[in-house]
Amino acid sequence: MRAILSHEPAGPDDGLLIDAYSEAVSGAVAAAHPAVVHIEVQGNDASAAAKAMPDRPGGSGSGFFISPDGYLLTNSHVVHGARVLRVFLADGRKLDASLVGDDPDSDLAVLRVSADDLSHLSLADSTAVRPGQIAIAIGSPMGFQQTVTAGIVSGLGRSLRGASGRLIDNVIQTDAALNPGNSGGPLVNTRGEVIGVNTAIIRPAQGICFAIASNTARWVAAWLIKEGRIRRSFIGVAGQNVPLIRKVARYHRLAQDTGVLVAGLEPDSPAARAGLLEGDILLALDGEPTPAVDALHKLLTGDRIGERAIIAFLRGVELRRHAIIPLEMPGRG
């Protein structure tokens, strides 16, 4: 019997693939790590923001420079309520930092140090990020500065509830290992560009970590540098998601089956002035449906401050529409 010879094409050398991966990661780290810092915090560790985020280990975290003149980005829950902020650079310098702006709703904050010609990172376009691409996290987990972990982008478009209770949208999920102290550090691609700001881990799960998308970080950082805060509007209701009675929804030809129950009203708030009452169910703001509290929050942006809007709601089985003028949300301490 004649032997049958196999002529299958040889696959790529595993060693070459591993070397290519290693070079991609080490090249990105070499480009990014000079801009990554360790942050030590002395302040109000009992603040609501600190309690709401579990990975605040003894007042420390990570951050990275976004400009050569000392502006750096980190998480709000790392620095919220701080009295003293110190930044440890990759070159060994220790500098005092001041808080430029803090936004608990997006869990982002901007600090500044007095220094020039600093290594800094570029923020990539997070809409170009794809599941499966390499993701590299750099930070100071458990105080071990300049620690590097690598993995892949596991998911896009996630939502994460921040310390303020609002949802942070378009969050990136990664399996690059994060630990307490990684918060505020960069998640970078193989070019050393920031695709996200590391912000949270899911305990006790492994390999489920989250980063705030770079496009969100770019927008928030710009406003924090300009004004020190993010302006948002509010109407003054305590809301609760509730199902609508089917017959009522069909009768009014509503496209949604849930709404926001007014469980409480702030005195003299826009909602109170508009004639809303406890027990009303909010359905829409200027024609945009509000099937849940988070949907209402998304609509209450800064450009609605002082602008007349129409709010649709159910009072019992009656569909009503009232004019309302949202006001600026007070700053959080």
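The values are calculated or read from the model by the stated rules, or taken from the named source; none is laboratory data. Small disclaimer: the values here were computed from a predicted structure and weren't measured. As a convention, Cβ positions derive from the backbone with ideal geometry for all residues, glycine included, and neighbour counts pool all protein chains shown. The protein model used for the area step is the full one, side chains on, heavy atoms only, and it has no ligands, DNA or RNA in it. Shrake-Rupley method; radii C 1.70, N 1.55, O 1.52, S 1.80 Å.
So the values come out like this:
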{"read-out": "D102 being more than 19 Å from P68 (Cα to Cα), of a type outside the set (S, T, Y) and in contact with a helix residue (DSSP H, G or I) (Cβ under 6 Å, 6 or more places away or on another chain)", "value": "yes"}
{"read-out": "Boolean, I134 is in contact (Cβ under 8 Å) with a residue 60 or more places away in the chain and open to solvent by less than 30 Å² (accessible area, probe 1.4 Å)", "value": "no"}
{"read-out": "Options V260, V194: the member that is open to solvent by less than 50 Å² (accessible area, probe 1.4 Å) and more than 30 Å from S119 (Cβ to Cβ)", "value": "V260"}
{"read-out": "Pair list, Cβ < 6 Å and 6+ apart or interchain, from segment 168-192 residues that are within 14 Å of N75 (Cα to Cα) to residues that are at pLDDT below 95 and acidic (D, E)", "value": "P180/D55; S183/D55"}
{"read-out": "One residue from V153, V171 being assigned to a strand (DSSP E or B), modelled with pLDDT of 90 or more, touching a Pro at 6+ places or on another chain (Cβ under 6 Å) and buried (at least 20 other Cβ atoms within 10 Å of the Cβ)", "value": "V153"}
{"read-out": "Residue in segment 234-254 that is loosely packed, with under 13 Cβ neighbours inside 10 Å, in contact with a Lys or Arg (Cβ under 8 Å, 6 or more places away or on another chain) and assigned to a loop (DSSP other than H, G, I, E, B) present", "value": "no"}
{"read-out": "Criterion (open to solvent by 40 Å² or more (accessible area, probe 1.4 Å), modelled with pLDDT under 95 and assigned to a strand (DSSP E or B)) met by exactly one of R158, R229", "value": "R158"}
{"read-out": "Residue within segment 203-215 that is farther than 30 Å from L283 by Cα, touching a strand residue (DSSP E or B) at 6+ places or on another chain (Cβ under 9 Å) and open to solvent by 90 Å² or more (accessible area, probe 1.4 Å) present", "value": "no"}
{"read-out": "Residue count, segment 216-226 (criterion: touching a Phe, Trp or Tyr at 6+ places or on another chain (Cβ under 8 Å) and open to solvent by 20 Å² or more (accessible area, probe 1.4 Å))", "value": "1"}
{"read-out": "Of the criteria (1) at pLDDT below 95; (2) within 23 Å of E288 (Cα to Cα), which one C209 fails", "value": "(2)"}
{"read-out": "Candidate set from segment 88-115 (those that are acidic (D, E) and over 24 Å from the mean Cα position of the chain (by Cα)); member that is surrounded by the most Cβ atoms within 10 Å (Cβ to Cβ)", "value": "D96"}
{"read-out": "L314 vs. criteria crowded, with 17+ Cβ neighbours inside 10 Å, at pLDDT 95 or above and in a loop (DSSP other than H, G, I, E, B)", "value": "no"}
{"read-out": "Filter result for G70 (open to solvent by less than 10 Å² (accessible area, probe 1.4 Å), over 30 Å from I202 (Cβ atoms) and modelled with pLDDT of 80 or more)", "value": "yes"}
{"read-out": "Residues located in segment 207-226, provided they are in contact (Cβ under 8 Å) with a residue 24 or more places away in the chain, outside any strand (DSSP E or B) and out of contact with any helix residue (DSSP H, G or I) (no Cβ under 6 Å at 6 or more places or on another chain)", "value": "G207, I208, T216, A217, R218, V220, A221, W223, L224, I225"}
{"read-out": "Subset of segment 265-302 [free of Cβ contacts under 8 Å to residues at least 60 places away in the same chain and of a type in the set (D, E, K, R)]", "value": "E266, D268, R273, E278, D280, D286, E288"}
{"read-out": "In segment 263-311, residue surrounded by the fewest Cβ atoms within 10 Å (Cβ to Cβ) [restricted to those that are part of a strand (DSSP E or B), at pLDDT below 95 and among the hydrophobic types (A, V, I, L, M, F, W, C)]", "value": "A263"}
